[in-house]
Amino acid sequence: MRLLAIGDIHGCYDALKSLEAAVPILPTDMVLTLGDYINRGPQSAAVLEWLIARNATGQLIPLRGNHEIMMLEAKNGGGSLVDFLSVGGDETLRSYSPNGDVKQLRDVPQHHWDFLERALRPYHETDTHLFVHANAYPDHALEEQPDVMLYWEHLRNPRAHISGKVLICGHTSQKSGEIANYGHTLCIDTWAFGGKWLTCLDVATGEYWQANQKGVVHTRHLEK
């Protein structure tokens, strides 16, 4: 069984489906998604539906991103709807409207809210790798990381984690479309919504696939 890590999707469902076909992502693969499934791209509702279906099979490890936090806060009164809309939430809500024009939180179906509230995880750890949405203090275990690091802090000159494990994250968009490879740290948010790539990484082998919203796909391998 492969462990496949997918970077920030941001509503880019066409790119996700292209990856699924090209890899291909098999029913036996474990897929780990790094958060920020919604906002900015045009197809957030379809992305969440894909994740929910995959999660139902037990073959998904979905992490929480800051954009999911903002959506839930807008719904539950802990944050501003205006703030949520200003970071791409308008595109998210438009994806739930049959005509693409109505932008209301009540258009989101309950099973999508259930997934966002109950299924998403703060981090994941294996014998060799650490997975977070945004960042982590190098001298703290994952269970000791504050929310500001896990969900909000951008990657800047990262240091190796004390565990000796490789950290894989998203959140810090790589405008070049290339994975940021520091050896001990990998950022695989390759700016799918900005016209670049959605990345899927085979964690064990270093092989990765990238697809864009136009259906263009290529395969590469991490440099050691």
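The values are calculated or read from the model by the stated rules, or taken from the named source; none is laboratory data. These figures come from a predicted structure and were not determined experimentally. Heads up, the Cβs are rebuilt from the backbone with ideal geometry, glycines too, and the neighbour counts pull from every protein chain shown. SASA here: full protein model, heavy atoms, side chains in, ligands and nucleic acids out. Shrake-Rupley method; radii C 1.70, N 1.55, O 1.52, S 1.80 Å.
Please go through region 155-186 and give me each residue that is touching a residue at least 60 places away in the same chain (Cβ under 8 Å) and either touching a helix residue (DSSP H, G or I) at 6+ places or on another chain (Cβ under 6 Å) or within 18 Å of LEU142 (Cβ to Cβ) (or both), ordered by number.
Selection gives ILE168, CYS169, GLY170, HIS171.
May I ask you to list the residues in region 206-224 that are of a type outside the set (A, V, I, L, M) and either open to solvent by less than 60 Å² (accessible area, probe 1.4 Å) or part of a loop (DSSP other than H, G, I, E, B) (or both)? Lay out the reasoning, then the answer.
Restricting attention to region 206-224, the residues satisfying the condition of being of a type outside the set (A, V, I, L, M) are 206-210, 212-215, 218-221, 223-224.
Those that are of a type outside the set (A, V, I, L, M) and either open to solvent by less than 60 Å² (accessible area, probe 1.4 Å) or part of a loop (DSSP other than H, G, I, E, B) (or both): GLY206, TYR208, TRP209, GLN210, ASN212, GLN213, LYS214, GLY215, HIS218, GLU223, LYS224.
Of all strands (runs of 3 or more DSSP E) completely enclosed by region 122-205, which ones contain at least 1 residues that are open to solvent by less than 60 Å² (accessible area, probe 1.4 Å) and of a type in the set (A, V, I, L, M, F, W, C)? Walk me through how you get there before you give the answer.
Numbers: elements: 123-125, 129-132, 166-169, 185-187, 198-202.
Those strands (runs of 3 or more DSSP E) span 129-132, 166-169, 185-187, 198-202.
Working only within region 136-154, note down all residues that are within 14 Å of GLY35 (Cα to Cα) and in contact with a strand residue (DSSP E or B) (Cβ under 7 Å, 6 or more places away or on another chain).
Once the filter is applied, which keeps residues that are within 14 Å of GLY35 (Cα to Cα) and in contact with a strand residue (DSSP E or B) (Cβ under 7 Å, 6 or more places away or on another chain), region 136-154 yields only LEU150.
So GLY78 ticks every box in (1) at pLDDT 95 or above; (2) open to solvent by 30 Å² or more (accessible area, probe 1.4 Å) but one. Which box is left unticked?
Among (1) at pLDDT 95 or above; (2) open to solvent by 30 Å² or more (accessible area, probe 1.4 Å), the lone unmet condition for GLY78 is (1).
Say we look at region 81-90 and pick out the residues that are surrounded by fewer than 17 Cβ atoms within 10 Å (Cβ to Cβ) and not hydrophobic (A, V, I, L, M, F, W, C); which of these is farthest from TRP152 (Cα to Cα)? It would help to see each step written out before you state the result.
In the first step, residues of region 81-90 are kept if they are surrounded by fewer than 17 Cβ atoms within 10 Å (Cβ to Cβ); the result is 82-83, 86-87, 90.
This time we only want the ones that are not hydrophobic (A, V, I, L, M, F, W, C), so: 83, 86, 90.
Values: ASP83: 15, SER86: 17, ASP90: 21 Å.
Looking at the filtered set, the residue picked out is ASP90.
Picking from TYR137, TYR208, which residue would you name as being without any contact (Cβ under 8 Å) to a residue 24 or more places away in the chain and farther than 19 Å from ARG40 by Cα? Quick ask: steps written out before the conclusion?
On the way: TYR208 fails: without any contact (Cβ under 8 Å) to a residue 24 or more places away in the chain.
The conditions single out TYR137.
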